[in-house]
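See structure below.
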Amino acid sequence: QRAAAMQGVPPAAPGEEHKSLLQRSATFKAPGYSAHASDVNGVFKMLLGTKPAAANPNRVSESLDYEPIQNRVYQDRQRMKKDGKKKLYGYTGHTLAKFVVTLTTGVVTGCLAVALNYFVNLLSEFKMDFIQTTLTGDATGGGEDVKASFRSIAMAFGKYWLFGSILVSIGTAMVQYWAPAAAGAGVTLVMAYLNGNHIPNLLRVKTLCVKFVGTICSVSAGLPMGPEGPMVHIGACVASVITYLDCKFLRDGKLDGWWGHFKLRQENIKDKLKVLDEIVSDADHREFVSAGVCAGISAAFNAPIGGVLFSMEEACSFWSRKTAWRCFIAATLSTYTIQVINQKAVHGAISPEKGSLQSMEMKDWGMQLPFLLINFGMAGLLGAAFNSLRMQLWKVRAAKTLHIQRILEVIGLVFLIGLCGFFFGWAAGKCVELPEDWWIDKEKGTREYGVRFFCGPDEHNDIATLFLSSTHHTIVKLFSMGRVDAIDGEEGGYDAHFSTSSLALYTAVYLVLMSIGAGLAIPGGLFMPSIVLGASWGGMWGILVHQWMPTTWNVQPGLYAILAATGVLGGVFRSAISLVVLMVEGTQGIEFLPGVIMAVVVANWVAHHIHHDGVYESELERIGNVYMLRDEPPHRLQTMKTESMMATNVVGFRSIESVARILEVLSNVTHNGFPVYVREHDPESGEAEMSSDGPQGTRLEGLILRSQLLVLLQRRHFCDTHGQPIGRERHEGYEYELENEMRTFFRRYYTHSRYESATCEALQQLHLDSLHLPLGNLYLDLRPYMNRAPFTIRGDSAASRAHQVFLSVGLRHLIVVDANNQVAGIITRKDLDHAAGHGWWRISHIAVQATPPRTLKSLLAKLRTRNAAVMAPLPSPQLPH
């Protein structure tokens, strides 16, 4: 059977099986799909996409290995190192390398934020210029004015739709055909990654490029999306790319062929890059990605403190003082880089214009409290309505594999936005006098903000301005509707920049458009749309309250807009502290802190009682194959025991195991961790006499990973039944090199697709059939490399304790043992998630449950079975054969 599985593999050259894995790194290659030009059906399937395949319960995301491996070789290596050897001012080369990675992440993320903002502004200004030129250029006087207006509207709408369709088609096509992991905001998947799930292709270079270009396309096209969420993903990608920068070209010697005149020597480069091997563990990589997340959100809002708190409260599941320092440094550098490159950038990306708002005294807060509570409650309702409507639209969305339909969905949204903007601007828009601070050059007619449409030269159409203008500028203008810069009008000496009817219509329509835009196959975030939705409602409510109340009440519609925007953010994302600090830093409104805090609390309370799931929880539930563990164990786990949720029939190996059995197990299961058993008569050394019956006991000695077994097989690290090497000599340096390769396995191979290491293709690429030797006579000695201190738990312990241990330490496998240290089962992330049951705290309840937890019905059935077994006659004893 094994030979049949290996058919078609070319035989290796003489002596090839003895080469090291470092010299044969090309052996492990991810299988790819290539459509030939002659295969017409294959080309059409690639372009059009295919129908979704049946769900495979085994295709789930891999877990990350945060637990350090404590084996004998590593411990010997650590003891050999000189104690107290420092490089510079008490810091080692590893510390310096980590510091450089953190600094570079912050600077590069800030540069990307500046570039993204520049291209978005450039394309948006170009779009608004040709739209306004088309609208005003066709208008004529006399009786033909109405017909000319209709014709110019149709032409302007056609150009708007064409321009936006080209942009979104580019962005969506890049996502569908090149980097599917770049779709959406990406915050949810980054959170899942930092929780311990390895998401394939999430943090690679092409995902970064597609995310950057796609965000420019979506925001410039006028979609109800923002750059804040994508900036979180971009920052995480930057940190990951910098960490793995040396893997391919330098380590594989590919630069030798390109720049041979520099006489680069591969071995020298490897020696200099060995310092990076110590900073690329999953635990260190998690810290760098956390810093990248913080740098991204800080660059988006120009709010470094808010970015750190966002990482702590929402993104990161593991937090420490080192992580906090890395996040703070990266956030500070990203915002500082933006201000150095862009001199016009201010601290607070969405701060109102100077002088537009006044401070509120305590009596003002008290008098306006009833109206403010209505404002906060309505903001929470809008957030819950968005989450509910977005989830309902999942039922009618095209499958992710249908490329053309996914592209047409985004083009259709551009059509709807343009249709709403032009139709409502023509039918219901009002011409409002343009404020003085909206002009760039009034004599030349150059405006910073405001769509003229068919209004006078000194006016703007309020609805057309809301729908067709830049989202960022709309937020700033809505926040700036105060008393100081208000235009003197007829009603009570006050006239807002937008009419109440226009803001009400815009709020209702934008809620629907925002719900449609969430989940499309194009990069884009939900922070800005949520702020716009809340600001439009809050501004409208503030204008009404100002008209109803006396002028001495100090009612500022811009302040109502800020507070409602904060409330909608709380209702959508269900965050608290980080949203308060982000809004206070982003708006530079520390004097409005009491209102911001009340807005978050009230809106969260209202939204939670209407719709339990926030946007992150519902997105993870939709993905279905990501197992997100919450900080606190669910209540259901407090009444369960670990033995009721563990996976039984655990497959393990002996300390010296035959190659044939190892290959058989690796071929039949997709597990990534295997217990190592010892004999009862020799528990110390693990030395065992070989027999074909397998291990007689399951006493735990250690834990071996699949990646370690692959390295041992690829390096032909064979031995006999007593652990004596075959075809090689014992060499201490060779063992150190082998152990280091095990630790950096996923840095060298399957970096962005770890699940492929658990497939049969990875075993076939080992070319073990070329040895022409009976694999049953070859063995692997697992004792020097297995983890001798795996975490264990008793079967009668509380399941909540297993959850706490699993999450606090960052485990991938938790072995359940009995009183004699015999392996009774094993607990993984999937088992904890399944045992949590259903409810708002559980994320992935569409995944297949392997071992259902005990219920009252199952306990009664088990009790009846046990009673029947007691009453049955005992079988006659049989001697062992």
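The values are calculated or read from the model by the stated rules, or taken from the named source; none is laboratory data. Small disclaimer: the values here were computed from a predicted structure and weren't measured. Virtual Cβ from ideal backbone geometry, glycine too; neighbours counted across all protein chains shown. Quick note on the areas: whole protein, heavy atoms, side chains included, nothing else; ligands and nucleic acids left out. Shrake-Rupley method; radii C 1.70, N 1.55, O 1.52, S 1.80 Å.
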For the range 514-630, what's the relative contact order in percent, using C-alpha pairs closer than 8 Å and at least 6 residues apart?
-> 22 percent
At q = 0.23 Å⁻¹, what base-10 log of I(q)/I(0) does the Debye formula yield for the range 560-670 when every alpha carbon is treated as an equal point scatterer in vacuo?
-> -1.18
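Compare the peptides 723-730, 638-645, 758-765 by average per-residue count of other Cβ atoms within 10 angstrom and give them in order, highest first.
On the way: 723-730: 11.5, 638-645: 19.1, 758-765: 17.2.
With the highest mean Cβ count within 10 Å placed first, the list reads 638-645, 758-765, 723-730.
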Would you calculate the separation in nanometres between label points at N649 and Y177, each defined as 7 Å from the Cα along the Cα-to-beta-carbon direction?
-> 4.6 nm
How are the C-alpha pair distances of the range 319-407 spread across 5 Å bins, as whole percents from the shortest bin up?
-> 2, 9, 8, 8, 9, 10, 14, 22, 12, 3, 2, 1
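Any chance you could run the full-extension gain for K159 through R630? It's 0.36 nm times the residue separation minus the Cα-Cα distance, nm to one decimal. Mind showing how you got there, number by number?
On the way: separation 471, 0.36 × 471 = 169.56 nm, distance 4.79 nm.
Between K159 and R630, full extension yields 164.8 nm more.
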Label-point separation, Q724 to R801 (7 Å along Cα→Cβ), nm = 4.7 nm
Cα-based Rg then Dmax for the range 366-480, in Å, read 18.9, 55
Over the Cα atoms of the range 505-554, how large are the radius of gyration and the largest Cα-Cα distance (Dmax), in Å?
-> 14.9, 50
What is the gain in length, in nm to one decimal, between E761 and Y734 on full extension, counting 0.36 nm per residue of separation less the C-alpha to C-alpha distance?
-> 7.0 nm
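Determine one quarter of the surface area of the Cα convex hull of the range 556-606, which equals its mean projected area, and express it in nm² to one decimal. List each step's numbers first, then the result.
Details: hull surface 12.1 nm².
The directionally averaged projection comes out at 3.0 nm².
Hey, with R₀ at 22 Å, roughly what FRET efficiency would S501 and E459 work out to, going by the Cβ-Cβ distance, to 0.05?
Working: r = 17 Å, r/R0 = 0.76.
Computed FRET efficiency for S501 and E459 comes out at 0.85.
For a Förster distance of 41 Å, can you work out the FRET efficiency between the beta-carbons of T95 and I610, rounded to the nearest 0.05? Working shown, then result.
Details: r = 49 Å, r/R0 = 1.20.
So, using R0 = 41 Å, E works out to roughly 0.25.
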With a Förster distance of 30 angstrom and the Cβ-Cβ distance between L122 and L419, calculated FRET efficiency to the nearest 0.05 equals 0.75
Could you tell me the distance between the Cα centroids of the range 712-764 and the range 658-678, to the nearest Å?
-> 14 Å
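If you count, for each residue, the other Cβ atoms within 10 Å and average over each peptide, how do 160-167, 362-369, 472-479 line up from highest to lowest? Could you put the intermediate results ahead of the total?
On the way: 160-167: 19.8, 362-369: 14.0, 472-479: 23.8.
Top to bottom by mean Cβ count within 10 Å: 472-479, 160-167, 362-369.
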Amide H within-cut-off set for V678, under 5 Å, with H built and near neighbours excluded = R699, E701
What is the spin-label model distance, in nm, from Q339 to T136 if the labels are put 7 Å beyond Cα along the C-beta direction?
-> 3.7 nm
Show the residues, 5+ positions off or on another chain, whose built amide H is closer than 5 Å to the amide H of A824.
-> V816, V817, D818
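Is the shape of the range 697-755 rounded, prolate or oblate, going by the alpha carbon gyration tensor and its root eigenvalues a ≥ b ≥ c, with a/c under 1.5 for rounded and a/b larger than b/c for prolate?
Values: a/c = 2.15, a/b = 1.27, b/c = 1.69.
Cα axes put the range 697-755 in the oblate bin.
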Give me the number: length gained by fully extending A660 to D818, i.e. 0.36 nm times residue separation minus the C-alpha to C-alpha distance, one decimal in nm.
-> 53.9 nm
Hydrodynamic radius by Kirkwood for the range 295-365, inverse mean 1/r across distinct Cα pairs, in Å, is 13.7 Å
Order of 436-442, 286-292 by packing, highest average Cβ count within 10 Å first?
-> 286-292, 436-442
Sequence order, the range 633-641: Karplus ³J(HN,Hα) from phi using 6.51 cos²θ - 1.76 cosθ + 1.60, θ = phi - 60°, Hz rounded, Gly and Pro as x, gives x, x, 4, 5, 5, 6, 9, 10, 10
What accessible area, in Å² to the nearest ten, does a 1.4 Å probe give for E737?
-> 70 Å²
